[in-house]
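Readers should treat all values here as calculations from the given coordinates under stated rules, not as data from a laboratory. Keep in mind the model is a prediction, meaning the values are calculated, not measured. A quick note on method: Cβ atoms are made from the backbone with ideal geometry, for glycine too, and the neighbour counts reach across all protein chains shown.
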Amino acid sequence: MNHHLLPQPKTLLPLEGAFVIDHDSLIVVPAQASDDAYLAARQLQDEVCCQATCLDLPIIKSLKPPKRTVQLICGQEQATAFDVEPQRPRAPAATADQAYSLTITPEDIVLYADAPIGLFYAVQTLRQLVRLYGSTIPALTIHDWPTLPYRGLMLDISRCKVPTLETLRDLVAELCHYKINVLQLYTEHTFQFARHPKIGAGCGSLNSQDILELDAFCRARHVELMPNLQSFGHARNTLLIPEYQHLAETDLFWTLSPAFEQTYTLLDELYGDMLPSFTSTTFNADCDETWDLGKGASRSTAGAIGVGRVYLNHILRVRELAARYGRRIQVWGDILLNHPELIGEVPEDVTLLDWHYEAAEEYPSTRIFGESGHTFWVCPGTSSWNTLFPRIYNANANIRNLVRDGVAAGAEGMLNTDWGDCGHYQYLGLSWYGYSFGAAQGWSGGTTTDEVFEAALGPLFFGPAHEQIINAIHKLDHINTLPGIPRPNGSSTVLALFDEPLAGKTVASLPPETLTEMHALADEANAILDDLSPGHPREITLLEMASTARLTAYAAHKTTLSQQIRRDLRAAGLDPACIDRHILALKALDKELELLRAEFEALWLVRARRSEIHVALGYYAKLRARYQAAASWLKKQQQALSAGQSLDAELDSYDAGDHRVLWQTWPD
């Protein structure tokens, strides 16, 4: 029997028979058990009630276990009390507290761990077995532990979308089930700073109470909510506020300048307003992509000591500020890789984050950080940004290979990233696959194959009709690999959607064959998801994927029409009626776009605050305006043709205006 568990256990030995959950079964925790054990027991109770014919197993505390029980045992004292000989997994010291054993026989089920987090993970595995087999669970023995001590997710909440507190709780509940134990919320400005209220104002920002509640929710589920606040580059949202513009390195308003002492006063006050809400002593200060450092206010200093040392000196100041609040910092490692001679001068208590988001056969930077002796984590990504549907083919290789190389080089953790470039217009539900894949690789050390992963993800996460859902996912992912679609750090699908309808880049760059297959695959996926979503346990996620499929099909249809219009304008003997048909087709696209926009807005608000949704909605509004402009211009061409005048076949008179969307809007 092949047990599809997520993540895969280190060892699993099948035994004879099965344990049958019935009305006489009990969930038992020792009398000495803590509240941690009770919460885990409640999770198991709920799982059994949902999956095992609505059986409601009582939870009892006992000095001795009755017969036919599920026993949750933590530590030698409890094992002795229950007359159980602990089966301790031979886990490395770094992950021993997360190790567990699970033994299922026809007589009873025994979950054992030396620490509460290990017992919690044992319960998660048993929950999955209940989900797979219902009330009759095959006998087996599992000894399990993670390869990496830290397995995290970083969710971008600063690119216009801030999830609701309910969504964040749901996210944590899912992540901990797959044994993720770190969550970071990437923050540039979306926190309500008491001493700096203009930062993050009107952006749906989280406040201290939100964090306090989420932190407590995380701790109860053995997830460490680590604070995250940009402390160098990526400061544009703050530096565009008039009161802070004088702290910018250059007029790009991107990097906080280390040339001003007020920069450190500001950071100190931001840390003081934010960090006390978190119990974690680890703080991600980010500090990546300081593109304009040394080119403005700090130019003279950079000229004297070098840009790399200016960067290092800032890291030392940030480390000192964070230490005032009892925190040890993490920083992204990209800038230090440009100045490898300085890595050795970084204090040992600073964790370096090695990020890469494109698939590669190997990642040499892991060896650089490993050989430096520093604590470091590897940071791949879900590849869900700058595209309509996540580039799963890219993400899987990126996550697996980077984790594998990180483990070989001595990495301490994995932080899987989900960014929101250009407005975070992608739905959160599209990333469940990537989140779960990251959990699997972090636990196994980058050894889980796609096939093994999907065999577990399907029934465990999607449940009913999971084969069809995975099939739809593959269809949408395949679109990202079609000729003309792949691009660095994204795909052309989303640009095809919002591109200028007559003069856009994708009109010329995407092959007609690609557009035909893109439309067909999106339609096929949409049909599957639309059919399955009503009443499905994952209804919202299926609706999000179906909406994305419709947007993808729409983008293909729009671009195909654009190409046809361009061809017809160049054709000899063009009939004025043909232009009229194109005008009507553009108006039909405009009408359809409004329906898609309304659906997008409604689904956004299911999981997120309104935040800065106007940025994403602005793409729709700009495109609608361009449809009207294109139709008006075509009307003039029709009139010229009817009057016997020549057509503007090359669009020389067509004013596309300054139609820039997504990554095109970055300042020149």
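Observations on the model:
- Among Val378, Val407, Val123, the order by Cβ neighbours within 10 angstrom, fewest to most, reads Val407, Val123, Val378.
- Filter on Lys161/Lys505; Lys591/Lys622; Lys558/Lys591 - keep pairs with C-alpha separation over 22 Å: Lys161/Lys505
- The calculated Kirkwood hydrodynamic radius for the chain is 27.1 Å, given to one decimal from all distinct C-alpha pairs.
- With one equal scatterer per alpha carbon and no solvent term, the Debye-computed log10 I(q)/I(0) for the range 285-438 at 0.09, 0.10, 0.13 1/Å reads -0.33, -0.41, -0.67.
- Residues Asp450 and Leu584, FRET efficiency given R0 of 45 Å [Cβ-Cβ distance, rounded to 0.05]: 0.50
- Average Cα contact separation per residue, the chain, under 8 Å, 6 or more apart, as relative contact order %: 12
- Between the range 404-421 and the range 182-210, the alpha-carbon center distance in angstrom: 26
- When all alpha carbon pairs of the range 516-668 are counted in 5 Å bins from zero, the resulting P(r) reads 2, 8, 14, 17, 16, 14, 11, 8, 5, 3, 1, 0, 0 %.
- Calculated [θ] (222 nm, deg cm²/dmol) that DSSP helices of n ≥ 4 give over the chain, each run adding -39,500 (n - 2.57): -14500 deg cm²/dmol
- Candidates per trypsin sites (Lys or Arg not before Pro) in the range 577-618, loop by DSSP, up to 16 other Cβ within 10 Å: Arg610
- Charging the Cβ of each Asp and Glu at -1 and of each Lys and Arg at +1, and nothing else, the dipole of the chain about its Cα centre rounds to 680 debye.
- Antiparallel DSSP beta bridges within the chain, as percent of all bridges there, nearest 5: 35
- Short-range pairs are left out: with C-alpha atoms under 8 Å and at least six residues apart, the relative contact order of the range 373-530 is 25 percent.
- Averaging over all projection directions, the Cα-based convex hull of the range 11-144 occupies 7.1 nm² in the image plane.
- Between Ala201 and Leu605, the simple spin-label model (points 7 angstrom out along Cα→Cβ) gives 2.5 nm.
- Between the range 231-284 and the range 286-341, the alpha-carbon center distance in angstrom: 13
- Angle in degrees between helix 576-607 and the longest Cα principal axis of the chain, rounded to the nearest 10: 30
- The residues Glu174, Glu371, Glu188, when put in order of fewest to most other Cβ atoms within 10 Å, stand as Glu371, Glu174, Glu188.
- Cβ-based charge dipole, the chain, positive-most Cα from Val507, Phe278, Ile104: Val507
- Computed E for Arg169/Asp648 - FRET, C-beta separation, R0 56 angstrom, nearest 0.05: 0.50
- Under the convention that each Lys and Arg Cβ holds +1 and each Asp and Glu Cβ holds -1, the size of the dipole of the range 11-144 around its Cα centre is about 80 debye.
- Per-selection metrics, the range 99-182 (Cα): Rg and Dmax in Å: 15.9, 54
- Qualifying lysines (Cα of each under 17 Å from Cα of Lys636; at least 8 residues distant if same chain): Lys587
- Taking Cα centre as origin and charging only the Cβ of basic (Lys, Arg, +1) and acidic (Asp, Glu, -1) residues, the dipole magnitude of the range 239-361 rounds to 380 debye.
- From the alpha carbon centroid of the range 103-167 to that of the range 4-41 is 11 Å.
- Counting only alpha carbon atoms, the long axis of helix 165-177 and the longest principal axis of the chain meet at about 50°.
- Sparsely packed GluC sites (Glu not before Pro) within the range 40-148, loop by DSSP, other Cβ within 10 Å at most 14: Glu107
- Where GluC sites (Glu not before Pro) fall in DSSP loop in the range 540-637, at most 12 other Cβ within 10 Å: none
- Farthest toward positive dipole pole in the range 470-665 [+1 Lys/Arg, -1 Asp/Glu at C-beta], among Met545, Ser632, Ser492: Ser632
- Relative contact order, whole percent, for the range 375-466 stands at 34, derived from Cα pairs under 8 Å and 6 or more residues apart.
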